[in-house]
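As structure tokens, the structure follows; a few thoughts come after it.
Since every read-out is calculated from the coordinates, none of them should be taken as a lab result. Just so we're clear, the structure is a prediction, and the values are computed from it rather than from any experiment. When we count neighbours, we look across all protein chains shown, and the Cβ atoms used for this are built from the backbone with ideal geometry, even at glycine.
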Amino acid sequence: MKKHMTWISLLLLLVLIIAGIVGVNSLYTVDLDKEQSIEANGIENITISSDITDIYLSISPDNQIHAQITGIASKLSDYDVFLVSDNDHLHIQTLEKNAAISSLSLTKSVGLHIDLPANQLQNLTIRTKFGSVYAEQPLTTENFSFKSNLGGIYLDSYAGQELTVDSGLGNIQIKKLEGDASLTTSSGQITIEQWRPLNKQNKVQTNKGNIEVGITSSSQALSFLFYSNGLVRTDLDASFTTVPAPLSQIGMNRIAGKLGEMTDHPAKLEIGSDTGKIIVKKSKKFTKS
């Protein structure tokens, strides 16, 4: 009985300590505004690393790359942003002091805002643990790669050779996508309003989430395969075919076909979900932002 009461007392003490930390973090806050800038000339590759903060991308109004941390933070924590240039490669990294303690806050709201050069980037790479990426302006790079444990990605428009997204739980939402893509999330939803693939292997995959994609008309030939244990539906003006199912897809709902005039090397599109709904539809004519 005494042992049982001891455990209860320890548990109550732990709850009180956590509640106290949450209270201090929520009541004692500071407005955060820190910025670093660097000349954009010669920068062709950018890597961004930020464990917790969300990342907001926009186009630079001048010939500089700006990285700014803003928001409300606990007085128990502090943030820094670092810009390190290695020839044509710029590394942008945020650092939060006392991250474990400051995460126990009801009012914490911190974001990393980055102004990118308009047209000169070859590779943009973003790595986060919990943060998401947002961009309300059109982005143009040769290659764009995003990886996060929990965060998602929300883009107004992206044009480039290839977009690669790998998220554990986050959603993937893109209004306009021009280029090849590999988009994967374990449990998130995937939505692409307008997509015009180029000429490579394209893959959209989620385990539990739903997928909705709008394919725009293009002279480029497209070979496609959609499969899920859930609903699979399309209204594409395509020639539908039957292809053998691998063991992992036996019993699934499947739609396969070809769109446009076939060539020796058509673009390929594979869309799959274990249990989610898949809807692929004709999109209106592709319009650039």
**Message:** List the residues, sorted by chain then number, that are 5 or more residues from Ala181 or on another chain and whose placed amide H is less than 5 Å from its amide H.
**Reply:** Leu163, Lys203
**Asked** Cα-based count: Lys pairs in segment 200-289 below 12 Å, eight or more positions apart or different chains?
**Response** 4
**Message:** Suppose the chain between Gln201 and Ser109 were pulled fully straight at 0.36 nm per residue; how much longer would it get relative to their current alpha carbon spacing?
**Reply:** 29.3 nm
**Request:** Can you pull the one-decimal nm distance between simple spin-label points at Lys147 and Leu231, each 7 Å off the Cα toward Cβ?
**Result:** 3.6 nm
**Request:** Among the aspartates and glutamates, select those whose C-alpha is under 14 Å from the C-alpha of Lys175, and discard any that sit fewer than 8 residues away in the same chain.
**Result:** Glu136, Asp156, Glu193, Glu212
**Asked** How much length, in nm to one decimal, is gained on full extension between His91 and Lys281, taken as 0.36 nm per residue of separation minus their Cα-Cα distance?
**Response** 64.5 nm
**Message:** What distance in nm lies between label points placed 7 Å from Cα along the C-beta direction at His265 and Asp80?
**Reply:** 4.8 nm
**Prompt:** Efficiency by 1/(1 + (r/R0)^6): what FRET value for Asp274 and Glu39, r their Cβ-Cβ distance, R0 = 41 Å, to the nearest 0.05?
**Reply:** 0.30
**Complete:** Length gained if Asp31 through Asp166 is fully extended, taking 0.36 nm per residue and subtracting the Cα-Cα distance, is 45.4 nm
**Request:** Just the Kirkwood number for segment 168-269, please: inverse of mean 1/r across all distinct Cα pairs, in Å, one decimal.
**Result:** 14.3 Å
